[in-house]
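Working notes, beginning with the structure itself.
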Amino acid sequence: MVELKEITKDNYEECLNLSVADNQRNFVSSNVHSLAQAWVYYNTAFPFAIYADNIMVGFIMLGYYEAQNYYTIWKLMIDTHYQNKGYGKIALKLGIDYLVNHFNVKEIYTAYEMNNSVAKKFYRSFGFRETGVVVGNDVGMKLIVKGMSDNIPDYL
């Protein structure tokens, strides 16, 4: 069973020890950086550990971007030892569900690094589409939420 659990004093060090493969490091912020952002933006950042059968396998951070007035999948990473097992797909669905259920969102934004074709394909498989906004090397994407079963694959 895959689930999202809050980052707490009891599990944050384990989260800091998660890492992606060397060839992915340019595409993903370190969890140290992400948790620092979560602390600074504590009112609008929602960091979670991703657990599979009570083993921490990754990290996801959702957020509300006040300047643009929208909710976002801010960070998503699966530890190199647990990749290619479907955990990222389930975690993304759980993150989308969280934003829909807690904030009744109709649109969710994210971005991928321009050279990261894997992330582009991954988000597009969920219905995210490019917005035309590019900031630096980050390509903006948006998901229009109609109903989870309408446009999101059911990986659970």
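The values are calculated or read from the model by the stated rules, or taken from the named source; none is laboratory data. Fair warning: this is a prediction, and the values are worked out from it, not measured in the lab. Don't worry about glycine lacking a Cβ; one is built from the backbone with ideal geometry, like all the others, and counts go over all protein chains shown. Quick note on the areas: whole protein, heavy atoms, side chains included, nothing else; ligands and nucleic acids left out. Shrake-Rupley method; radii C 1.70, N 1.55, O 1.52, S 1.80 Å.
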How large is the accessible surface of His33 in square angstrom, using a 1.4 angstrom probe and rounding to the nearest 10? 90 Å²
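Measuring with a 1.4 Å probe in the full set of protein chains, what accessible area per residue, in whole Å², belongs to the chain? Provide the component values of the computation, followed by the final result.
Details: 9060 Å² over 156 residues.
That works out to 58 Å² per residue.
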Could you pull out every residue, at least 5 positions away or on a different chain, whose amide H is within less than 5 Å of the one on Phe126? Hs are placed 1.01 Å off N in the peptide plane, and Pro or chain starts have none. none
Solvent-accessible surface (1.4 angstrom probe) belonging to Val139, in square angstrom, nearest 10: 20 Å²
Quick one: Karplus J couplings for the range 49-59, per residue in order, coefficients 6.51, -1.76, 1.60, θ = phi - 60°, nearest Hz, x for Gly and Pro? 7, 9, 10, 10, 6, 6, 10, 6, 10, x, 9
Mind checking which of Met61, Met114, Met77 has the largest fluctuation in a GNM of the chain, springs on alpha carbons under 10 Å? Met114
If you take the square roots of the eigenvalues of the alpha-carbon gyration tensor of the range 34-113 and sort them as a ≥ b ≥ c, do you get rounded (a/c under 1.5), prolate (a/b over b/c) or oblate? prolate
Short version: ³J(HN,Hα) in whole Hz for each residue of the range 97-107, in order, from phi by Karplus 6.51 cos²θ - 1.76 cosθ + 1.60 (θ = phi - 60°), x for Gly and Pro, what are they? 4, 4, 5, 5, 6, 8, 10, 6, 6, 10, 9
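Per the Kirkwood formula on distinct C-alpha pairs, the Rh of the chain is how many angstrom?
Values: mean 1/r = 0.0637 Å⁻¹.
Hydrodynamic radius (Kirkwood, Cα pairs) of the chain is 15.7 Å.
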Mind checking the dipole of the range 8-142: about its Cα centre, +1 per Lys or Arg Cβ, -1 per Asp or Glu Cβ, Debye to the nearest 20? 480 debye
Helix-derived [θ] at 222 nm for the chain: sum -39500 (n - 2.57) over DSSP H runs of at least 4, divide by residue count, nearest 500? -8000 deg cm²/dmol
For Tyr71, which sequence-distant residues (separation of 5 or more, or a different chain) have an amide H within less than 5 Å of its own amide H, given hydrogens modelled in the peptide plane? Tyr65, Tyr109
Work from the charge dipole of the range 1-80 (Cβ charges, +1 for Lys and Arg, -1 for Asp and Glu, about the Cα centre) and give the residue of Ile78, Thr44, Gly58 farthest towards its positive end. Thr44
